[in-house]
Amino acid sequence: LFESCCAYVIALMAVYWCTEALPLAVTALLPTLLFPVLGIMKSKEVCMQYLKDTNMLFVGGLIVAVAVEHWNLHKRIALRVLLIMGVRPALLMLGFMAVTAFLSMWISNTATTAMMVPIVQAVLDQMNNREAEALQMLSGGEEVTPLEGDKQDGKVGEEQVTVSGLGVSPEEAADRTRMCKGFTLCVCYAASIGGTATLTGTGPNLVLKGQMNQLFPQNGDVINFASWFGFAFPNMVLMLALAWFWLQLIFMGFNFRRTWRCGVLTSAKEAVAYRVIREEHRRLGPMCFGELSVLLLFSLLVLLWFTRDPGFMAGWATHLFNAEAEYVTDATVAIFVAVLLFIFPSKVPQLCFWKSHSTGEAPLLTWKVVQKKLPWNIVLLLGGGFALARGSEVSGLSLWLGNQMSPLHSIPPWAIATVLCLLVATFTECTSNVATATLFLPVLASMSQSIGVNPLYVMLPCTLSASFAFMLPVATPPNAIVFSYGYLQVSDMAKVGVVMNIIGLLCVTLAINTWGRAMFHLDTFPTWANATGM
């Protein structure tokens, strides 16, 4: 009876999450109502699932991300990297993708995309305006001399503006449209890919962390910031490189000499693009004390995360705090640095720095800013996922599902993982990636136990696959932001996104069967997977 009641709650929430008949966060609250009413769990036990260690890790990490956004530090980093990378078409796209992916590792994918797309838009507008000015000169009878390097074999190169009345030629217009599509798509794809590299980069990663602690409490903190980064970062770099190559191929063609502009001088459009980026960077002014302080605290957070328990050696918390039990976790570090943001002053402190608040000097971050920018709905989504996992365990639904899947033991684990990744990547196109991970991961954990496979063998790649929402504008907020600028049609995103999903599945399959297998000892069935009694 209890198993069927729990299955009903999960099915109901899955329908609501897919159709968004209720807001996602409201749907995540349903276990607090239905589990006690159906006799699955007591209300006190359900409510305790909504603010666990993983939620505090998420909140602490996002508060630091809010500080980075508030002080425009992410924009300064982005513009500086773009100035270093250069503005040749291939390098400019690579620069946009690299910056977006890096920022998405630390701040939300949505905020990263919302910040980067206007920069791309400004660059594209100025490049197109340069062509319009040239056309106006031509229409007025003035001669425009092609730039040096655009003449090849006595012919004017492809950068020359052609006139048909007062408009560009069809070929030129098509090239411009393809470039606009490529440069905007590269941002949303890089944001989704970059978020997979860190534990706090996107919601599904934290769902995995929380579900592992919930379902396998004796796992020995196998998934922490350092171990996740060691597995996911190489996969992110590989995916980003292949995505860049694919976008180059589909939107800029096979003419790599033109794309890289090897052996030619900088064109007028490239010079304009560089000036736009340089002007945006100049408007930020010199780095102030507040920005520098946020950068130092952010660097401190990353350093403490990596060195707390790196795995291959004892970390700073191993003997100092965690000798007897795991008192200090990644959440402790995140909250520590978040608290410092409310203490450190935003301006150079005077001699009597303790009087700074009385004289009106504000700290680096105020609660008003955090309250406005923190996505509280994700906190509830994570909590709802933990409540579902606990309800499945208590009701016996997890054990029943595991038993139903026991015939799968005859199929090779790599084949099971690949098929499940494909299923998750398809499902996440029409629902939230956090909701997708929440629904699938407890079932995958039960299945792994029933067939004697290391749970991480299927849970790790499926968690990454939950972020592969590349095909539809509604699949993820970064896609919707890019789509709203009007360059793309749904068919454009679908055609390019299909190949992106294939790239993602291939990269994840490679990762889990090579360095992932060695890092997490995936060839063996761990003792902690037997200790739950699921």
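Figures for the structure shown
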| read-out | value |
| --- | --- |
| Accessible surface, 1.4 Å probe, highest first, among residues 367, 316 | 367, 316 |
| Order by protection proxy (mean Cβ within 10 Å, highest first), peptides 210-216, 270-276 | 210-216, 270-276 |
| Signed unit charges on C-beta, dipole axis of the chain, positive-most listed residue 452, 215, 78 | 78 |
| Charge-dipole axis of the chain as Lys and Arg at +1 and Asp and Glu at -1 on Cβ define it, positive-most pick from 427, 470, 38 | 38 |
| Heavy-atom accessible area order for 53, 523, largest first, 1.4 Å probe | 523, 53 |
| Neighbour net charge for residue 79 - beta-carbon separation under 12 angstrom, K R +1, D E -1 | +4 |
| Lys/Arg +1, Asp/Glu -1 at C-beta; the chain dipole; positive extreme among 346, 228, 313 | 346 |
| Cα gyration tensor, region 419-488 - rounded (a/c under 1.5), prolate or oblate | prolate |
| Between 0 and 90°, nearest 10: helix 289-308 axis offset from the chain longest Cα axis | 50 degrees |
| Residues residue 47 and residue 414, FRET efficiency given R0 of 41 Å [Cβ-Cβ distance, rounded to 0.05] | 0.55 |
| Relative contact order [Cα under 8 Å, 6+ residues apart], the chain, whole percent | 24 percent |
| Three-way shape label, region 374-477, alpha-carbon gyration tensor, a/c 1.5 | oblate |
| Which of 521, 281 is most accessible, then next, and so on - probe 1.4 Å | 521, 281 |
| FRET efficiency, residue 20 to residue 245 (Cβ-Cβ, R0 35 Å, nearest 0.05) | 0.50 |
| Cα gyration tensor, region 16-115 - rounded (a/c under 1.5), prolate or oblate | prolate |
| Unit charges on C-beta of K, R, D, E only; dipole of the chain, Debye | 660 debye |
| Total formal charge among the other residues, if their Cβ is under 13 angstrom from that of residue 498, Lys/Arg +1 and Asp/Glu -1 | -1 |
| Packing rank of 235-243, 412-420, 184-192, where each peptide gets the mean count of other beta carbons within 10 Å, highest leading | 184-192, 235-243, 412-420 |
| Among 62-68, 431-437, the order from most to least packed when residues are scored by Cβ within 10 Å on average | 431-437, 62-68 |
| Region 274-413, relative contact order [Cα under 8 Å, separation at least 6], % | 18 percent |
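The values are calculated or read from the model by the stated rules, or taken from the named source; none is laboratory data. These figures come from a predicted structure and were not determined experimentally. FYI the Cβ positions are ideal-geometry reconstructions off the backbone, even for glycines, and counts take in every protein chain you see. Surface accessibility is based on the protein's heavy atoms, side chains included, excluding ligands, DNA and RNA. Shrake-Rupley method; radii C 1.70, N 1.55, O 1.52, S 1.80 Å.
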